[in-house]
Amino acid sequence: MYPPDYRYTKDHEWISVSGSIGRVGVTDYAQQQLGDVVFVELPEVGRAVTQGQSCGTIESVKAVSELYSPVSGTVVETNTSVTAKPESVNGDPHGAWLMRIELSNPTELDSLLSSEQYAALVK
């Protein structure tokens with residue numbers, strides 16, 4: 001259910017890393033808890049983000065939730081197709097990435113959860 005090559009936060013974000021770039025999104029568990037996603041606010045390209053700090057919001061018909069960066073670095077791209085169609089987060093949470101971050105401290109990945117650890121957390 002949770003891709004084994006991703007890393008996860010306790011705040012329900014995932015990151016998939018290729019080289020020095022991490023692709024970030026929210027987990028299936030998060031989208032289930034949120035319900036129908038109606039709005040996503042992402043940080044501007046070029047913004048520095050810090051691991052564990054709020055960097056945007058995701059809004060559903062039920063609530064507004066903070067998005068937390070799983071790593072520190074610089075936002076190099078945001079997914080404009082998700083901001084245009086926020087409901088895509090509900091349809092494919094592990095495919096609908098929100099932003100790409102150039103990692104400034106790759107060792108931070110070691111503090112994130114594996115798919116097995118995350119699945120146990122949300123069980």
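Read-outs throughout are calculated quantities, based only on the coordinates presented, and are distinct from any laboratory measurement. Here the structure is a predicted model, which means the values were calculated and not measured. Here the Cβ positions follow ideal geometry from the backbone for every residue, glycine too, while neighbour counts run over all protein chains shown.
When we screen THR107, THR78 for residues that are more than 12 Å from the chain's Cα centre (by Cα) and without any contact (Cβ under 8 Å) to a residue 60 or more places away in the chain, the only hit is THR107.
LYS10 meets each of the listed conditions (1) charged (D, E, K, R); (2) in contact (Cβ under 8 Å) with a residue 24 or more places away in the chain; (3) more than 25 Å from ALA120 (Cα to Cα) apart from (3). Taking the stretch 90-107 as the range and being out of contact with any Ser or Thr (no Cβ under 6 Å at 6 or more places or on another chain) and within 24 Å of ALA48 (Cβ to Cβ) as the test, the residues that pass are TRP97, LEU98, ARG100, ILE101, PRO106, THR107. Candidates GLY46, GLY95, GLY35: the one that is over 17 Å from ILE15 (Cβ atoms) and out of contact with any strand residue (DSSP E or B) (no Cβ under 6 Å at 6 or more places or on another chain) is GLY46.
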